[in-house]
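What follows is calculated from the coordinates using simple rules that are stated; it is not laboratory data. Because the structure is a prediction, the values reported are computed rather than measured. Cβ: placed from backbone, ideal geometry, glycine included. Neighbour counts: every protein chain shown.
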Amino acid sequence: MRMDAAIEVRNLSVVYRTGRMKKKPAVKDLSFQVKKGEIVGFIGPNGAGKTSAIKAILDFIPLPRGTCIVDGISSSDPRSRQRLGYMPEVSFYPKYLTLEEFLHVCAAVSGLPARSRQKAVMSAAERVGMTEHLKSKLSTFSKGMLQQAGCAQALVHNPDILILDEPMSGLDPIARMRMRHLLADLRSEGKTILFSSHELGEIEMVADRILLLDKGRLIYQGPVAEAVDTGGNLEQAFLRLLGEELPWAA
Amino acid sequence: MGSLAIARLAIIENLRRKEFYVVLVLVLGLAVWMAMLNMGSSGTGRFAKDVVMQVTWLASFALAIPLAVRQMASDLEHKTVYVLASRPISRWHYIAGRTLGAAFASVACFACMFLVLVLMMMFKGVTSVADPGLWQAFVLQITALFMVCSIAMLFSVVGTPGAAVTFSLLILAIMRYGGPSILALIAKMPPLARILSWVVYLTMPHLEFFNISQRVVHGWGPLPLSILGQVIVYGLGYSFVVTAMAAVIFRRRWL
Amino acid sequence: MDRWLPKIVIAGAIAILIFSSILVPRLRSANPQDRDVLIQVLGGTADFAAEEAFHEAEVYFHAGFDTECPDEQTDHHVHREVKASESVQLPFLKAIEHLQGEAAPRIHKHLVGEEEKELLPWFIAAVRLNPHYIDAWRVGSYWFYRTDNGHRGIEFITDGIKRNSGDYRLYLDRGILHHRIKEWGPAIEDLETARRLWKNDSEDSPYELRAIGTYLRDCRAHQRVGS
C-alpha cells in the first residue's frame, strides 16, 4: 500500500445472495485510493454499489473478495477503525439516550480515556452546533438534528479519516452551510474524507476528487475540475459520463 | 472497555423502557396479596415463600429473555449497529457487551423484585436477612440469568426474535423443571439414541442446578460452599462459551 | 375534554374494581356450585394445576422430598427414593446427578407437629382450582382435623359437600370425622346418607360400603350407651 493512501481498495467484489441459487453482484472488481488529506466524493446512481463498498471498507461485510486497507491496516482488523469516523446514511441512534450520553458511549467504545471524554463530547457537539441539545433525548430530535448528532458521533474521538454517507441528507440550508464549513475545517486540519452523496452541487463545492460508480464498477475517477471541465457543472458531467449507457440521456 | 461501554448503553436503554416497571408493579402486587393471604390456616409460611419465589424467579426469566433477544434485533432492524460496529471493536466485543448489558439489566430488575420478596417474607415472619440459603438462591439466580441471556443472544444471532424467545423459553422450561427427570428418560432409550441424547443433554444448560428454591422453602440449609462455587463456575463458563459461539456466528454476518 | 379523559378513565376503572369486589363475592356465595370465572377460563389447566397442588401437599409433607408412595394408606408409608437413573455409570453423569441432588432435598423425612399446617394451603388451593377434586376434599379434611381441630376439618369437607352433593365419599369422611370427635348423631346422619348414595357399580368401592356399616354400628352403639 502507498504510504500516502489513507484508504486503499483493491479488486473489491461484493456479491449479495438474493435467493437459494441467486446472486446479485453489487461491486465488481473495484479499486481506488483515497490519499491522506484529501476529500473524495463518492457518487453514482442508486444501486451503483457505493454503500456496499463503504460497508466493505468498514468490515460490515466480512471477508469480501479483494482487499480493503484503512490507515495501513486490513479492514478486517478492528484497529483499522481506530482513527476512523463513520457517519451512516440512516440516522437511527439509541432513542432512550440523551445526546451527551450517546456521545459518551461512542467515545468510550472508540477507546478514549475517561478523563478526556467530557471534553471530547463538548468539542464534538460544538463543532456541529448541537451544544444546547446535549441533555435532550435522541427520540425528540428531528431528522436534521439526528444528522448533526450522527456527524458529532463520527467526530467525537477526533479521527483522521472520515467516511460520511449522505451527510447533507435532511439538512436545512443553514445546516448545510455549516456542514460545508465543517468539511473545509476538517480538510484544513489534514483529515481525509470520503463522502458519498447525491447532492452533486455540494460535492462540487467541497471535494477534491470524485469516484463515479455505476453498476458496481468504477467508471470515472479524477479531480472535480477535470470532470466538469467540458461539462458545465458536475451534474451535467455526471449525466454525460453515464449518458452513453442510458438511452434517454440528453 | 468497548464491551463495558456497550453494556452500559444496553443497561440505560433497558432500564428506561417501561416493561421493567410493569413487571415490578405486578410482583409488588403479588407480594402484597401474599402477605395478606389467609388460606384459612396458620401454615402459610412455606406456601407464601414458595409461590412468591417461583413467581419472582419466573418473572425475572420472562424479563431477561425478551430483553436479551431485543438487543440484537433492535440494533439490526434500526441500523444502530453501524454506530458501534464502525468503532475499533471486534464483533466479539459487541456481542459480549450486548449480552453483559442484557444480563446486568435483568439482574437489576431481579434484585428489585427480590427485595420485595424478602420484605414480604420478613413481614410474614418466614425468613430473615441472615438466612444464607436465601442469598445463595439469589446469587445462583443471577448466574442463571447470565446463562439465559447468553443463550437468548445466541438464538437471536441465528434466528428471528420470535424464534429466539420461543426456543429460549423452551430450553428454560425443559432444563429448569425437567432436568432431573431427563436422565431417567435417556436411560430407557435404545443404545444409539441414548448416546446421542446424552451428548445433547450434556450440551444443554443445566439450569436445574441453579434452582435451590426448594431448599430455601423447606429450610434445608445452605449449599456447601464447594458446591456453590462449582455451580457458579459452571454457569459463568457456560455463558462465556455460548457468548463466544454467538460472536463466531455473528462474525460472518453481513450488517 | 382531552384533559379530563384520563381522569375519567381512571375513575371509571376504580369504580369497576370497587363494584366487582362487592358484587362478585355475592354472586359466588349465591352459587357455590359455580367455579371462579378465572378458573372457568383456565379450563383443563386448572384441573392439572389442582393435581399439582395436591401433589405439592405430599411433597411438603416430606419436607420437599419428591417421593413416590405406592401404598395408599397413610399409616404405612412405603417410600422409595426417586432416583434419576439407576443405570447411569458414566462419572460426568454421576456428577450431574450429584449437583441436581444438592439443589433439592433428597433425604426422606416428614413434617411434624405444627409444621404439618404447611400442607393445608395446598389442599385449599387444590379445591379452589377444582372444586370437584374429591380426593383433595377428603385428604384435606383429614389434615385439617389432625392439625387444627375436628370442627375445622368438618367445615372444610362441608364446603366440598355443597359443591359435590351427590358423592357418598364426602359424607362418609364427614361421618368419620364426627365419629372421631364423638358427635354420634351427626355421624349417623352422614353415614346413612353415604350408604344411601353408594351405588353398586364398579366405581364405588365395596370396602367403603363395609366401612360405612362398621362406623354406623359403632356410632349407634355409643349413642345407646350414651358416651
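Tabulated data for the structure shown
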| item | result |
| --- | --- |
| Whole-Å semi-axes of the ellipsoid equivalent to region A:1-40 (Cα gyration tensor, √5λ, descending) | 30, 9, 6 |
| Calculated FRET efficiency for the pair C:Glu155/C:Val112, C-beta based, R₀ 25 Å, to 0.05 | 0.55 |
| Ratio Rg/Rh, restricted to chain B and using Cα atoms, in which Rh is the Kirkwood radius | 1.00 |
| Calculated FRET efficiency for the pair C:Arg224/C:Arg146, C-beta based, R₀ 35 Å, to 0.05 | 0.75 |
| Taking B:Phe210, B:Phe250 and counting other C-beta atoms within 10 Å, the order from fewest to most | B:Phe250, B:Phe210 |
| Calculated FRET efficiency for the pair A:Met205/A:Arg17, C-beta based, R₀ 41 Å, to 0.05 | 0.55 |
| Potential lengthening between A:His198 and A:Met122 on full extension [0.36 nm per residue; Cα-Cα distance subtracted] | 24.3 nm |
| Within the protein assembly as shown: Cβ-based charge dipole about Cα centre, in debye rounded to nearest 20 (Lys, Arg +1; Asp, Glu -1) | 1260 |
| Loop-located GluC sites (Glu not before Pro) in region A:1-89 whose Cβ has at most 14 other Cβ within 10 Å (DSSP) | none |
| Nearest 10 degrees, 0 to 90: helix B:19-35 Cα axis against chain B principal axis | 10 |
| Kirkwood Rh and Cα Rg combined as Rg over Rh, evaluated for region A:1-112 | 1.01 |
| Unit Cα scatterers, Debye sum, the protein assembly as shown: log10 I(q)/I(0) for q = 0.10 Å⁻¹ | -1.05 |
| Cα shape, region B:208-255, gyration tensor, a/c 1.5 rule | prolate |
| Region A:122-230 - Rg (one decimal) and Dmax (whole number), Cα, Å | 15.1, 50 |
| Spin-label pair C:Tyr207/A:Met177, simplified geometry with 7 Å Cα→Cβ offset, distance in nm | 10.0 |
| Neighbour-count order for C:Trp198, C:Trp4, B:Trp33, C:Trp143, fewest beta carbons within 10 angstrom listed first | C:Trp4, B:Trp33, C:Trp198, C:Trp143 |
| Spacing of the two label points (7 Å from each Cα toward its C-beta) at A:Leu63 and A:Lys137, in nm | 4.1 |
| Two-decimal Rg/Rh across region C:92-152, once Rg and the Kirkwood Rh are taken from alpha-carbon atoms | 1.20 |
| Max mean-square fluctuation residue, GNM over chain A, Cα-Cα springs under 10 Å, options A:Leu58, A:Leu84, A:Leu239 | A:Leu239 |
| A:Ser76, A:Ser13 arranged by Cβ crowding within 10 Å, fewest neighbours leading | A:Ser76, A:Ser13 |
| Chain A: C-alpha gyration tensor shape, a/c 1.5 cut-off, then a/b vs b/c | prolate |
| Chain B: angle of helix B:45-78 to the longest principal axis, Cα-based, in degrees nearest 10 | 10 |
